[in-house]
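Notes follow once the structure below has been shown.
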């Protein structure tokens, strides 16, 4: 069997029947293009929602509720888990504030790998900070500015206060942290806590009681971020197992995952029905083609074409239709995608409808596969064509 | 090259039965013969048997190109029969049998392409010899009946087969064109030393072309059916 010759003959016959060929292409495109649009909408919508969740680190944050007693070693161990991207101890919230100008700012410990400070310089030591967007606005502070942070305490009914100069390394974008906040090295927060507990902070020259060096520091909480959205729920379950109540965005994540799952079910039901219809149409088309071309096929058999070659002739024509329909559908989908994204997308970078190159590849392979199988089933009747039966009439 | 002995083919039953009996038929390379008889006597059935597209019911002997054709049919060796057809047979059909989706050049070249033969100029040469070289780019539908028959002759000869079969190749032609087409076909077959079996109801034309004639005679049997028998050359 000469595959190239059969493909060439099939193409010439396909071209001669241009109108019928166009009809089969349009019939297929009428199935494929809406399926691409449907899947594009499902994928675009879900991936935009997922991306939105993934790009917002707050979604991956796990916040311990109530007071706890955590050692730095335990929190370091948590940070080394494969499902945790960042963990750092927090000092007592009541002690974790600083007065900067007329504003009292919430202090948050930070370190390298902090997802909130992604791409920003990390403050180190006791004299560097990163301000939240709102805090910087209220203080009219910009990166590089030097600010005075004040820390007050009451000792025997007497109010005492210490000050230290800190440099603003960077300002967080608003979406990263929408409150008034100050991100600093854990050492500065520990210094504030020690001072408010009546202790001395020798590194800053603040007077007070001598703090015990042998007593291990205990932290009431931590800042912890899961590595991915899928890690949030398992971490919640882990902490629940440790009798530690935590607050997570697991519900929000589950809603998006549920939406994705439900949309997938709807898509595959529709796609299954549509593909079954397309399969039936292609099967009928192949049967009709064999009946219509019976005379030509019997002449080809007379000339010495085998049953396999005749079957290939019918299948290749179906593949031509499938290939052209797939390209046409991709073009139609492209137009629909442009229109839908223009209509519905408000955030740059997000998509209402979106397909990846691999989706086009899978669609092409699926269409070619279904067409080939349908044509093979329908075209199998060529095996019954005898050279003697049609050659009298051609 | 071709040797048949006691080959039978029947269709239908009772009064609708039609049987063809070939007591003996032998052809050497380059030998030409005309099969004549009235319409419906079984000329086409005989050609289909020789073209290996119709299975005989009974075979005393059926050899073609040193192959036991009866055995191939019994073993349902369709691929082997198709290979023999494509390599060693050329068939001129009554109405041309051309493929409408190919132009004249494509139709003539097809048997060679199927065998993987290079174009050695034989397609153009045959078209020239058969007077259709100015029609090569046209589709069959744009040709006259006579031109189609010539294209069909060219296709049957293009791959230099050992046996050329022609089923009423001149039936639709006027006498002048009929003689031209018949002569062109026989001349080209002679050049290629191909054996030739021409089925025609036009015995005078066959004799005028110098062909030995073998008649198919029919008789009605007791069951009401018809038995046709291929006679000896006369």
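Each reported figure results from applying straightforward, stated rules to the coordinates on display, with no laboratory input. From a predicted model like this one, the values you see are computed outputs, not experimental measurements. Virtual Cβ from ideal backbone geometry, glycine too; neighbours counted across all protein chains shown.
Summary of computed values
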| quantity | calculated |
| --- | --- |
| Rounded to 5, the percent of DSSP beta bridges in region B:2-233 classed as antiparallel | 55 |
| Normalised contact order of region A:224-324, rounded percent, pairs of Cα under 8 Å and 6 or more residues apart | 15 |
| Relative contact order (percent, whole number), chain A, Cα cutoff 8 Å, 6+ residue spacing | 26 |
| Volume of the Cα convex hull of region A:159-231, divided per residue and given in Å³ | 160 |
| Modelled label reach - residue A:366, point 7 Å along Cα→Cβ, region A:22-43 residues with backbone N closer than 18 Å | A:27-43 |
| Surface/4 estimate of mean projected area, convex hull on alpha-carbon atoms of region B:2-233, nm² | 12.6 |
| Global geometry of region B:135-191, whether rounded, prolate or oblate, following the gyration tensor of its Cα atoms and the 1.5 cut on a/c | oblate |
| DSSP bridge pairs, region A:60-249: antiparallel proportion in percent, nearest 5 | 75 |
| Length-normalised contact order for chain B - Cα pairs under 8 Å, 6+ apart - percent | 30 |
| Label-to-label distance, nm, for residues given as residue A:254 and residue A:240 (7 Å Cα→Cβ offset) | 0.8 |
| Expected 222 nm ellipticity per residue - DSSP helices of 4 or more, -39500 (n - 2.57), all of chain B, to 500 | -10000 deg cm²/dmol |
| FRET E, pair residue A:357, residue B:222, Förster distance 60 Å, beta-carbon r, rounded to 0.05 | 0.20 |
| Prolate/oblate/rounded label for region A:223-366 (Cα gyration tensor, a/c 1.5) | prolate |
| Residue A:159-residue A:122 FRET efficiency (beta carbon distance; Förster radius 41 Å; 0.05 resolution) | 0.80 |
| Inter-label distance, nm, simple model (7 Å from Cα along the C-beta direction), residue B:119/residue A:215 | 10.1 |
| A:296, A:350, B:232, B:203 arranged by Cβ crowding within 10 Å, fewest neighbours leading | B:232, B:203, A:350, A:296 |
| FRET efficiency estimate (nearest 0.05) - Cβ-Cβ, residue A:112 to residue A:3, R0 60 angstrom | 0.50 |
| Where only C-alpha atoms are counted, convex hull volume of chain A per residue in Å³ | 186 |
| Over chain A: helical MRE at 222 nm, DSSP H runs n ≥ 4 each giving -39500 (n - 2.57), nearest 500 | -18000 deg cm²/dmol |
| Fewest-first sequence of A:298, A:212 by Cβ atoms within 10 Å of each Cβ | A:212, A:298 |
| Full-extension gain in nm, residue A:273 to residue A:292, via 0.36 nm per residue minus C-alpha separation | 4.0 nm |
| Simple spin-label estimate for residue B:68 and residue B:80 in nanometres, 7 Å along Cα-Cβ | 0.9 |
| DSSP beta bridge pairing in chain A, given as percent antiparallel to the nearest 5 | 75 |
